[in-house]
Amino acid sequence: MVSSVYPTRSLREPVSPWRWPRRDYLLEREYRRGVPPFDRFPSVQDVVDAVLCPVAIVHKFYHGFRGALGGARGDGENIGVLFHEFIALLKTDIASGRRSPDQAWDLFYGFCSERGVSEESERNLREYVSYWLRRKRRSLDELWNRRPRIFFEIHVASIRVTFEVRGRRTRYPIHGRIDELDVTNKRIVERTIRGNESAENPPFLKDFQLWLLWKIITSIDRNTIPEIWRGENFEEYELFVETPYRDFRVEKDQPLFEEWAKDALTWISDISRSTRTILEAWRNRGHHNRPCRFGDTIEECSMAYIACYRVQRRYPERRAALSASFRSLYRALFNEQLWSHDLLLYQLTIMEQDPQLGNELRRLLMGRKIFPVEIERDLGGGRFILRVSNNDLRRTLHEILQDENFEFDIIFGSFCMGIRRRAFLDFRESNLDEGRVVVRVIPNIEISDTENAYLVRGGLLLREDPWFLKRVVQRALYRLEKWGLDREDRAQRHTTIRLIDTIFGPETLRARRFEEDER
Amino acid sequence: MMVICPRCGSSSIRKYGKAYTRRRSMQKFRCSSCGHVFQRPLIQSVREDLVEVILEMLRTFVREMDDGKKPEEAGWTPFNDNILKELKKIDFCEIDYENRVARVNPRYKLPDDIASTDEGILFSDYLKALRVLRTIEKIKCDDKKYRKAIMEGLLRMLKTAQYNFWEKEEGTMPIKIRQVILNPQRMRIIRQYAYLLVKELLKTLWKADTKVEGLEEVTNINSDHYMIIKKALKWDKIIEFFCKSKERINMIKDLGLIWYIDQEIEREGIEHLGARVLVLERIISRSELENLDKMLEELEKFISKNSWEVDWSGIFRLPY
């Protein structure tokens with residue numbers, strides 16, 4: 001079943017092929033400056049947003065917005081994430097024999113209190129969970145009896161995701177996260193709370209998202225897949241979009257999706273290359289044939305009212321000047337994200353997938369950004385003893401931990417395919433001289449077969465340069481740019497508005513110096 | 001009247017009382033989804049039953065302009081005879097009886113209460129954009145004004161640049177240059193001489209004296225500083241780069257014009273992206289923009305390939 005059954009808009013012709021980072025940039029032999037000479041390493045979410053609307057990508061890249069599709073609505077708790085986390089916890093507990101299906105509601109209340117979920121969110125979440133539990137009772141019993149191997153939140157990244165349009169194959173880099181990988185039943189599941197009871201099709205673009213993840217996983221070279229999944233033939237896996245109300249099977253042979261993906265990646269490349277493309281993005285706004293128009297915007301797109309057609313305030317009056325001065329900052333902050341975050345994604349993926357550059361990159365990153373560790377023991381409750389065998393790495397890790405918070409990203413498996421979690425170091429129990437590190441992993445994970453893990457420092461990947469803060473700054477700037485008041489009397493008294501109008505207004509408005517007043 | 005919560009985009013909105021200010025009355029609303037309270041101007045300049053009709057005409061105008069329709073063709077909305085008869089009494093409405101359509105006349109001023117609605121603000125943005133377009137068209141016909149516009153545009157580009165400098169290899173930058181361009185005050189210093197840099201560039205490109213009336217001249221010139229800045233930027237080489245072909249000379253003119261348009265957009269206070277796009281699109285074609293982009297990429301390569309002591313970026317660029 002395909003959610004979007006419309007014909008497509010004409011495909012965007014790329015200005016030039018995908019710009020991969022040159023060897024000198026990958027090996028950090030060139031000074032990082034200005035506009036990066038390579039394209040972004042897009043996430044699945046980026047591609048889906050670009051299919052939804054190219055203008056969403058402009059807001060995402062330059063104004064720091066997260067996802068456009070059913071994205072942020074207010075600052076409340078994200079029920080979708082909580083729903084998925086709870087289902088993952090429940091299935092893990094049942095599959096490991098810790099809890100029977102009958103104890104699902106006990107687990108639910110425990111989960112809500114542990115997470116500090118507000119009363120209102122708990123009520124909403126309970127509604128989704130009860131729908132889901134009613135429908136899944138039999139499969140939970142099966143889970144309890146068969147104890148299948150299911151993995152949640154699998155990080156996948158590849159530089160060989162290929163799309164074929166009109167007989168022409170093009171290779172792109174993409175990374176993403178699989179909600180659920182059921183190895184026993186050979187299924188990949190994308191879970192969402194969107195949709196409703198009477199829906200005949202999967203929620204808008206969810207099928208495309210799942211198909212993209214499947215394309216990534218099938219493009220990863222078998223040698224770089226961790227042992228635990230190496231024997232699997234992912235080409236044969238079935239794809240399911242799971243809502244609280246229904247499961248939708250997604251076909252894998254999708255020529256339309258191939259076209260959408262290529263079109264989206266062309267937009268991503270062009271928008272990250274030049275701001276000129278913003279004009280063209282505006283002219284092509286909307287989905288392939290769900291145009292976005294004032295008063296009739298795409299329902300699922302959260303950008304329509306928070307960015308594209310956001311209400312304009314009367315004050316400050318010099319908003320246009322404020323906006324002009326912010327524009328260069330938006331671009332500069334985006335460039336910094338590419339240099340710090342996307343280049344690292346390229347480095348890590350190429351390190352594992354390119355045999356020629358792999359060793360050089362490994363030497364460069366080892367001890368700086370990644371630390372290979374072995375899992376010595378699972379202490380239970382999400383605690384692990386890890387071992388660092390290399391003496392040099394031990395020393396470096398010891399030095400780093402002297403003056404930093406003890407927080408990392410940990411990937412169980414390889415970077416191209418692994419289970420990624422946040423890891424907190426237990427400094428008291430660790431003995432770094434002996435290369436023994438004790439970590440607590442959040443959320444909890446059951447690992448038995450995977451022996452190797454990379455400790456990847458920082459935020460998503462890099463601790464010493466928290467790239468996500470650049471996005472926060474972009475968002476804050478954009479909010480300030482659009483913020484204002486309508487009431488004249490209030491605006492006259494408001495310090496921030498008066499300050500903006502003075503700074504960005506004509507020079508005659510600016511305050512005189514104290515000495516000038518004295519004269 | 002369709003009201004949407006500005007915070008969450010929900011259309012589940014309730015009226016929440018009225019507020020009166022010195023200049024106008026406001027209708028307060030409360031969003032049932034997120035609880036946000038906001039207000040919209042209360043429209044009193046037209047009869048209550050015609051408010052939605054007027055707003056629909058404004059919405060149609062904005063939608064069609066967003067879609068790239070010509071201003072004279074945009075905004076025409078079909079209505080029945082009764083409504084057309086009522087609209088006839090409103091001076092800012094235009095009616096085409098033959099096709100039984102009406103629209104808000106873009107040549108008339110909207111009453112304040114309608115102009116301050118969401119629809120009215122976007123409509124006004126498009127009117128401002130059309131005004132900028134007319135100004136630019138006029139300027140293009142007058143050689144003197146055209147040159148002045150290009151000069152003002154390039155000046156704006158240089159004055160708003162971030163001026164990132166770095167050494168290719170540590171210690172290669174001459175001390176005198178380092179003292180000026182790595183000074184924390186470098187932006188102020190360089191921006192002070194932007195006029196001279198632009199003048200020198202255009203003088204060579206146009207092969208004539210480019211003294212244009214009305215532009216601020218620089219006083220209190222520290223010629224040492226100016227020479228150092230020129231040396232750091234390798235301004236002579238940059239001028240040579242642009243002089244290499246006629247296309248590049250035309251492109252630098254386009255670049256200046258784009259920055260001038262940006263200045264006019266700012267001066268008019270146009271915020272809506274669609275309105276900004278309209279101005280740029282009508283003045284500079286897509287292929288011209290693509291060529292300009294390519295030339296800027298070539299310039300970047302030219303700067304980084306030449307082994308100067310100082311490297312820089314972020315000066316010649318498009319205003320986003």
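The values are calculated or read from the model by the stated rules, or taken from the named source; none is laboratory data. The model shown is predicted, which means the values in this text are computed figures rather than measured ones. A quick note on method: Cβ atoms are made from the backbone with ideal geometry, for glycine too, and the neighbour counts reach across all protein chains shown.
Details
- Filter pass, A:R99 being over 29 Å from the mean Cα position of the chain (by Cα) and without any contact (Cβ under 8 Å) to a residue 24 or more places away in the chain: yes
- Of all residues in segment B:268-279 being at the interface with chain A (Cβ under 8 Å from one of its Cβ atoms) and within 11 Å of B:R131 (Cβ to Cβ), the one that is surrounded by the fewest Cβ atoms within 10 Å (Cβ to Cβ): B:E268
- Of all the residues in segment A:207-261, those that are surrounded by fewer than 22 Cβ atoms within 10 Å (Cβ to Cβ), among the basic types (K, R) and in contact with a strand residue (DSSP E or B) (Cβ under 9 Å, 6 or more places away or on another chain) number 2.
- Top-ranked residue of segment A:46-81 - restricted to ones that are modelled with pLDDT under 90 and more than 16 Å from the chain's Cα centre (by Cα), ranked as nearest to A:L213 (Cα to Cα): A:I79
- Matching entry among B:L205, B:L197 (being at pLDDT below 90, closer than 26 Å to B:P174 by Cα and away from chain A (no Cβ under 14 Å)): B:L197
- Test set (1) within 30 Å of the chain's Cα centre (by Cα); (2) in a loop (DSSP other than H, G, I, E, B); (3) facing chain A (nearest Cβ under 10 Å) - B:R107 fails condition number: (3)
- Cβ-Cβ distances below 8 Å connect no pair with a first residue in segment B:148-169 that is free of Cβ contacts under 8 Å to residues at least 60 places away in the same chain and farther than 21 Å from A:S325 by Cβ, a second residue that is assigned to a helix (DSSP H, G or I) and of a type in the set (V, I, T), and a separation of six or more residues or different chains.
One line per residue, one yes/no per condition, for (1) closer than 30 Å to A:L279 by Cβ; (2) touching a strand residue (DSSP E or B) at 6+ places or on another chain (Cβ under 7 Å); (3) of a type in the set (F, W, Y):
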| position | (1), (2), (3) |
| --- | --- |
| B:S10 | no, yes, no |
| B:Q27 | no, yes, no |
| B:S33 | no, no, no |
| B:V46 | no, no, no |
| B:K69 | yes, no, no |
| B:G75 | yes, yes, no |
| B:A102 | no, yes, no |
| B:N105 | yes, yes, no |
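- Residue check for B:R282: more than 8 Å from chain A (Cβ to nearest Cβ) and either within 13 Å of the chain's Cα centre (by Cα) or modelled with pLDDT of 90 or more (or both): yes
- Members of segment B:8-34 found to be more than 21 Å from A:E488 (Cα to Cα), within 12 Å of chain A (Cβ to nearest Cβ) and at pLDDT below 85, listed by number: B:C8, B:G9, B:S10, B:S11, B:S33, B:C34
- Residues of segment B:252-301 classified as touching a Phe, Trp or Tyr at 6+ places or on another chain (Cβ under 8 Å) and among the small types (G, A, S), total: 2
- For segment A:317-330, the criterion of being more than 7 Å from chain B (Cβ to nearest Cβ) and touching a strand residue (DSSP E or B) at 6+ places or on another chain (Cβ under 8 Å) is met by no residue.
- Test: residue in segment A:291-298 that is buried (at least 18 other Cβ atoms within 10 Å of the Cβ), closer than 28 Å to A:L469 by Cα and more than 9 Å from chain B (Cβ to nearest Cβ): no
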